[in-house]
């Protein structure tokens, strides 16, 4: 009986570990890491190999490793094209109140702007605008659509 | 001495007999809406023609508006006209109370209209049928084309007489009219009567507009416009149609509201990505910074006495509601419940704050006391937010969005109202999809 | 990709089987948290649930007979209208040209055309001047009222001890009035409102005289809620008469006081 109980406990530990790893593999194999979008479906390009947007976690404006890599590419591109100015548009998903989302979009756009500036792009070349939840790129009401909508997009001005 | 003693004894005896009075506590009654009969207003045969107004139908049209208003409150039950037992003209002079009581009415509204010399003269009476007496009687004169407002003013007077609080029928709602697919919405400012009639559009839809709010006199509206792709708070004079940017801010300003005296606009200004709360004095053109914090501070709303400001901040990590003095001092967090809280709006009575709460992916509209205690969630839905108070502080109007399909189909935005007891949830009729409602104060004040 | 998927499926299903075998506590129903929506339930105890409609019909018919008499005794209507310029607040014309209710077109008060038919009704004549009472004043009055209310609230137990009615007699009367009383639903739920009505009854339970004990408060500015409640209470007793009174002991109950307190109802 006692042996039986111990066996059960061992099984419990082993399989919980396995199931957790199974879950995380499953998530990474999709287009989302946590709730940050990692796919390419909605992404456009400023130039070949330079994606125009980065994605954020719910209610967050911090840049992920992938976002930083994207922004470094943008910085390189902007350094090469010195006369180019850009606007960074900050967006939020539809699952928040309108006014807070406007502020959140502004924060996301500025997070991207600040990162570009640390890579030597003059702040004068970058303007920001927040659209909050007003301009979804994917109009669906699903976690995937929301992750695609939590974004900041770098747009060429001239 | 003996005599005094005798008097005292008598006195105590009489006291005792007074105390023996039977008292019965009545603590319950029926909660059905009060049955009320609204008789069509009698149209005086001496009435003259006025433009293309259908005078014959005016009496019944006015009474129908009154009935619709009453029904919408959930407090009254307007009885069917088919059951009415007396003709409007006779009822207005002297109702046969016993007949009206037969159809179970407890109150009766009667009235008379006369159009003469291009003037509409209206009088009405409210009768207590059980007590067989008149409760109130008023008359007034106006331009005939104004007959809908007449109906609303009558509704307000009766509502006030029967409930003890001010009505909210002679009011308007300003909102954002929406059309087009979800990812390319066209948004215009629109204004309508509280009952959904008289819709007028104030902008053309060329630029994105959001969050319109009335000033205390209902003359001005402040709102967010993306004119020239620069999101700024604007001020619009409804009468003249003139617009101006509020202040000269180098970045986005948003979430505007008027101070209770109408002299200031309070709003958020986003500087380098950080939103803080500012006020701008509209006469002196003085800008004052109210909060200075690295978090998002937005959705400010003054208390009706102007002494406090409720606002939304994520300084604790998530969106919560805070209250501070109007100079920005003494900031206190008031929401500690599970979930996130937004859009605090101070009730015109001053005792409650309405808010939006998000928890486990569901949206709630609720009210709480101004210290955050006594939270009551009134309604739950997939998405709803932005409550706005009726002028008497009894009803909230807000907007709802539906869940959309994979291409954005099935999406809609609609206005709803609910009273602060959580009863009587109603969809408002709007010509188009609608969001961001703001309720005016009483127009006839 | 496929491989990992297969592994995942295998491990998941193994896990499920094992869970089912070894972890009985996981089989238990998940704790169902009550939804957060606040639902306002009104509790009405059994004894108060009396059929209302047939009774009301009877009452109405009886009162109808009486009313017939009263109406015929009424004085002929005297129509008079006089100018009272400040009755309804109208939109300010200067401010908004669209607002068509004009300033100079003053509202008039119509004089009641029907005389009050009995003594107690006279006390309730309403002065519409007081409709527009100041809010601040209302608050002050409210505070005063609260104090008063506390003083007068009495418990049921005390009543039945002090009165000449048995518990069941009292319950019958209470239940009858519950049915007649349309509680004004718009009253603020958080204010302590109490209306005390003193009745003088005839032997058959009809009302000879009714008096609101603090009726002077009804016409004070800022007492609108009190007034509304008092009027609803008066409607209730009138609608209910003849009241259900015991067949004997008239002297004991010929004077009776009803205390209407809606707080419990309004809180829900």
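Laid out as a table, the results:
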read-out: Residue B:410, sole failed condition from (1) out of contact with any strand residue (DSSP E or B) (no Cβ under 9 Å at 6 or more places or on another chain); (2) within 22 Å of residue A:104 (Cβ to Cβ); value: (2)
read-out: Positions within segment B:64-93 being surrounded by 18 or more Cβ atoms within 10 Å (Cβ to Cβ) and free of Cβ contacts under 8 Å to residues at least 40 places away in the same chain, in sequence order; value: B:67
read-out: Some residue of segment B:158-170 being at positive phi and either in contact with a helix residue (DSSP H, G or I) (Cβ under 9 Å, 6 or more places away or on another chain) or part of a helix (DSSP H, G or I) (or both); value: yes
read-out: Output for segment A:90-120, where each listed residue is outside any helix (DSSP H, G or I) and surrounded by 24 or more Cβ atoms within 10 Å (Cβ to Cβ); value: A:90, A:91, A:92, A:93, A:96, A:97
read-out: Test result for residue B:379, under 21 Å from residue B:268 (Cβ atoms) and modelled with pLDDT of 95 or more; value: no
read-out: Yes/no for residue B:345 being buried (at least 20 other Cβ atoms within 10 Å of the Cβ), within 14 Å of chain A (Cβ to nearest Cβ) and at pLDDT 95 or above; value: yes
read-out: Filter result for residue C:208 (more than 12 Å from chain B (Cβ to nearest Cβ) and in contact with a strand residue (DSSP E or B) (Cβ under 8 Å, 6 or more places away or on another chain)); value: yes
read-out: Single residue of A:141, A:130 found to be in a loop (DSSP other than H, G, I, E, B) and either buried (at least 22 other Cβ atoms within 10 Å of the Cβ) or under 16 Å from the mean Cα position of the chain (by Cα) (or both); value: A:141
read-out: The one condition in (1) in a helix (DSSP H, G or I); (2) within 13 Å of chain B (Cβ to nearest Cβ); (3) loosely packed, with under 15 Cβ neighbours inside 10 Å that residue A:62 fails to fulfil; value: (1)
read-out: Answer residue from segment A:29-43, given it is out of contact with any helix residue (DSSP H, G or I) (no Cβ under 8 Å at 6 or more places or on another chain) and loosely packed, with under 13 Cβ neighbours inside 10 Å and is modelled with the lowest pLDDT among those; value: A:30
read-out: Strands (runs of 3 or more DSSP E) lying entirely in segment B:92-156 (those with 2 or more residues that are more than 9 Å from chain C (Cβ to nearest Cβ)); value: B:107-116, B:119-128
read-out: Qualifying residue in segment B:189-201 (condition: free of Cβ contacts under 8 Å to residues at least 60 places away in the same chain and more than 21 Å from the chain's Cα centre (by Cα)); value: no
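Matching residues to (1) in contact with a helix residue (DSSP H, G or I) (Cβ under 8 Å, 6 or more places away or on another chain); (2) closer than 18 Å to residue B:368 by Cα; (3) more than 10 Å from chain A (Cβ to nearest Cβ):
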site: B:240; (1), (2), (3): no, no, yes
site: B:299; (1), (2), (3): yes, yes, no
site: B:309; (1), (2), (3): no, yes, yes
site: B:325; (1), (2), (3): no, no, yes
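The values are calculated or read from the model by the stated rules, or taken from the named source; none is laboratory data. Remember, predicted model here, so these are calculated numbers, not experimental data. Don't worry about glycine lacking a Cβ; one is built from the backbone with ideal geometry, like all the others, and counts go over all protein chains shown.
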